[in-house]
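**Q** So that we are looking at the same thing, I have put the structure below in structure tokens.
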DNA sequence: CGACGGGTTGAGCTACCTCAACCCTGGTGG
DNA sequence: CCACCAGGGTTGAGGTAGCTCAACCCGTCG
């Protein structure tokens with residue numbers, strides 16, 4: 001399920017896999033994570049809070065996490081959702097810059113920062129993997145900026161659904177049947193619109209025959225071309 | 001002017017500075033950049049475009065660069081501005097994900113990716129510096145998301161001016177006299193509002209006695225406490 | 001059973017957008 | 001030297017997408 005480019009180490013002369021296996025020492029980020037302890041989190045529980053010391057990085061094994069910042073008056077911006085396979089808690093800062101909270105019961109692998117730091121200090125390949133993961137986060141933030149800064153409510157929802165669809169595809173799951181683990185409030189705070197607008201927009205897409213809403217948490221895309229049109233501003 | 005943590009290399013045994021100087025081989029990111037060739041760019045000219053091969057990273061020496069994406073119908077989201085000292089073109093992707101365009105005549109130091117890649121492959125400290133720079137970009141994107149997703153026009157402008165003020169302070173320049181090299185259109189496309197709203201908001205802040213606008217490109221903050229109030233939603 | 005959290009729908013409001021006129025400045029050319 | 005023009009900025013008037021407030025529905029849980 002995980003596409004992992006096996007890191008061939010530059011530190012040991014042993015190029016062959018058997019030699020590495022004998023050492024019993026994890027190497028790549030994914031290998032480290034596979035061996036890391038598992039932590040279980042209830043819905044609404046925090047993995048970490050903004051301002052907390054950044055002690056670990058985490059990989060989501062099951063469930064879903066919302067990453068968000070909260071303004072003094074309670075307004076909330078969700079910066080992203082982390083799903084199984086995603087790594088969270090990256091960043092060079094000593095302190096976490098946002099909250100990470102489970103939107104449903106979630107399992108995480110936890111890797112101490114002291115470990116990742118020291119491994120990265122001697123294994124550039126490992127550092128590259130962290131860099132790559134952070135680079136994906138930045139790309140996601142830029143994508144979201146395009147939505148919150150420029151797109152209409154309908155375009156935002158359409159873009160959001162398509163992103164979920166593409167993520168499903170990358171994980172060899174259905175491109176048309178989309179599970180939404182988060183609430184309407186979460187979607188609204190992610191896209192910068194209110195829950196009412198989220199709800200109305202879903203209803204509108206349903207009435208147009210573009211999606212089907214069996215339950216509020218389960219969307220089926222009926223007309224993906226039309227959804228793509230809507231995402232890029234066709235009215 | 002530049003705070004640079006001197007990288008002590010793990011590859012050579014020589015820990016002392018004199019030994020390093022003798023080698024005449026640049027080490028830290030800042031050292032590499034100081035030795036890199038200079039490129040001069042006219043206003044409105046592109047440093048690179050979205051989709052271009054990512055061949056170099058750049059450090060702005062003078063001027064200002066806008067980083068932005070453009071939608072098929074022409075809408076534009078500026079993801080950030082790069083000012084002297086900032087490094088642009090980072091990211092693990094083979095291709096650039098956005099346009100980089102000078103907003104006024106600009107000078108850049110250019111470092112080949114093939115070089116940074118190979119250095120990072122053997123010098124983890126150098127990789128850390130790249131990671132740190134990317135991490136700052138992500139934090140900036142998250143800050144902007146809070147504005148475009150949650151704040152009113154007045155709050156966005158206030159936040160924007162305060163960010164400029166704080167940047168000035170970090171560079172030992174005036175906290176109250178702010179130069180705006182970019183146009184109203186740039187500010188609008190950055191904050192997700194129209195040029196008219198930008199203009200009206202500046203006028204409103206001027207009428208409230210919070211700022212002074214000698215010219216349209218030069219803001220003087222008269223009441224920074226009040227500006228901070230406005231930035232976090234007072235009124 | 002009642003309470004509560006989450007979702008939907010309606011009615012009215014408003015912050016911001018759109019469209020348009022106008023101003024100012026700097027550069028160009030007659 | 002001045003007239004003209006183009007690009008950037010400001011201001012006004014009116015329109016509208018999305019917000020606010022409120023009612024209501026439904027499923028779950030104690």
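**Q** Just for helices (runs of 4 or more DSSP H) wholly inside region B:145-224: which have at least 1 residues that are in contact (Cβ under 8 Å) with a residue 24 or more places away in the chain and more than 14 Å from DNA strand C (Cβ to nearest atom)?
**A** B:153-170, B:184-191
**Q** Moving on to the next point. Consider residue A:118 against the criteria (1) more than 18 Å from the chain's Cα centre (by Cα); (2) part of a loop (DSSP other than H, G, I, E, B): it satisfies all of them except one. Which criterion is unmet?
**A** Among (1) more than 18 Å from the chain's Cα centre (by Cα); (2) part of a loop (DSSP other than H, G, I, E, B), the lone unmet condition for residue A:118 is (2).
**Q** Additional query: Is there a residue in region B:150-161 that is at pLDDT 95 or above and over 30 Å from residue A:188 (Cβ atoms)?
**A** No: zero hits.
**Q** Inspect region A:203-211 for any residue being buried (at least 19 other Cβ atoms within 10 Å of the Cβ), more than 14 Å from every other protein chain (Cβ to nearest Cβ), within 16 Å of DNA strand D (Cβ to nearest atom) and farther than 29 Å from residue B:79 by Cβ and give the result as yes or no. Give the derivation first.
**A** Of region A:203-211, the ones buried (at least 19 other Cβ atoms within 10 Å of the Cβ) are A:205, A:210-211.
Checking the rest, the ones that are also more than 14 Å from every other protein chain (Cβ to nearest Cβ) come to A:205, A:210-211.
Cutting the leftovers down to within 16 Å of DNA strand D (Cβ to nearest atom) gives us A:205, A:210.
Narrowing the set further to residues that are farther than 29 Å from residue B:79 by Cβ leaves A:210.
Yes; the residues of region A:203-211 include at least one that is buried (at least 19 other Cβ atoms within 10 Å of the Cβ), more than 14 Å from every other protein chain (Cβ to nearest Cβ), within 16 Å of DNA strand D (Cβ to nearest atom) and farther than 29 Å from residue B:79 by Cβ.
**Q** Follow-up question, since we're still on this one. Based on this model, can you work out whether residue A:80 counts as within 19 Å of residue A:179 (Cβ to Cβ) and modelled with pLDDT of 95 or more?
**A** yes
**Q** Further question on the same structure: Examine region A:163-177 for a residue that is more than 16 Å from DNA strand D (Cβ to nearest atom) and within 14 Å of chain B (Cβ to nearest Cβ), and state whether such a residue exists.
**A** There is no residue in region A:163-177 that is more than 16 Å from DNA strand D (Cβ to nearest atom) and within 14 Å of chain B (Cβ to nearest Cβ).
**Q** For region A:76-89, enumerate the residues that are more than 11 Å from chain B (Cβ to nearest Cβ), touching a helix residue (DSSP H, G or I) at 6+ places or on another chain (Cβ under 8 Å) and assigned to a strand (DSSP E or B).
**A** A:81, A:87
**Q** Would you please name the residue that is surrounded by the fewest Cβ atoms within 10 Å (Cβ to Cβ), looking only at residues in region A:125-158 that are within 8 Å of chain B (Cβ to nearest Cβ) and within 13 Å of the chain's Cα centre (by Cα)?
**A** Ranking the qualifying residues of region A:125-158, first place goes to A:136.
**Q** Let me ask you something else. Could you check residue A:122 against (1) out of contact with any strand residue (DSSP E or B) (no Cβ under 6 Å at 6 or more places or on another chain); (2) crowded, with 20+ Cβ neighbours inside 10 Å; (3) in contact (Cβ under 8 Å) with a residue 60 or more places away in the chain; (4) more than 30 Å from residue B:99 (Cα to Cα) and say which number it fails?
**A** Checking residue A:122 against (1) out of contact with any strand residue (DSSP E or B) (no Cβ under 6 Å at 6 or more places or on another chain); (2) crowded, with 20+ Cβ neighbours inside 10 Å; (3) in contact (Cβ under 8 Å) with a residue 60 or more places away in the chain; (4) more than 30 Å from residue B:99 (Cα to Cα), the one that fails is (2).
**Q** Identify, please: which residue in region B:212-226 is exposed (fewer than 14 other Cβ atoms within 10 Å of the Cβ) and within 11 Å of DNA strand D (Cβ to nearest atom) and is, among those, farthest from the chain's Cα centre (by Cα)?
**A** The selected residue is B:214.
**Q** Right, another one. One residue is enough: does region B:107-124 have a residue meeting the conditions away from chain A (no Cβ under 13 Å) and more than 17 Å from residue B:54 (Cα to Cα)?
**A** yes
**Q** So which residues in region A:165-190 are closer than 15 Å to residue A:224 by Cα and surrounded by fewer than 19 Cβ atoms within 10 Å (Cβ to Cβ), if there are any at all?
**A** A:166, A:167, A:168, A:169, A:174, A:175, A:176, A:177
**Q** Test of understanding: among A:72, A:37, which residue is away from chain B (no Cβ under 14 Å) and either in contact (Cβ under 8 Å) with a residue 12 or more places away in the chain or out of contact with any strand residue (DSSP E or B) (no Cβ under 9 Å at 6 or more places or on another chain) (or both)?
**A** Details: A:72 fails: away from chain B (no Cβ under 14 Å).
Of A:72, A:37, the one residue that is away from chain B (no Cβ under 14 Å) and either in contact (Cβ under 8 Å) with a residue 12 or more places away in the chain or out of contact with any strand residue (DSSP E or B) (no Cβ under 9 Å at 6 or more places or on another chain) (or both) is A:37.
**Q** Tell me, yes or no, whether region B:90-103 has at least one residue that is assigned to a strand (DSSP E or B), away from chain A (no Cβ under 14 Å), touching a helix residue (DSSP H, G or I) at 6+ places or on another chain (Cβ under 7 Å) and surrounded by fewer than 22 Cβ atoms within 10 Å (Cβ to Cβ).
**A** yes
The values are calculated or read from the model by the stated rules, or taken from the named source; none is laboratory data. No experiment lies behind these values; they were computed from the predicted model shown. With ideal geometry, Cβ positions are generated from the backbone for all residues, glycine too; neighbour counts draw on all protein chains shown.
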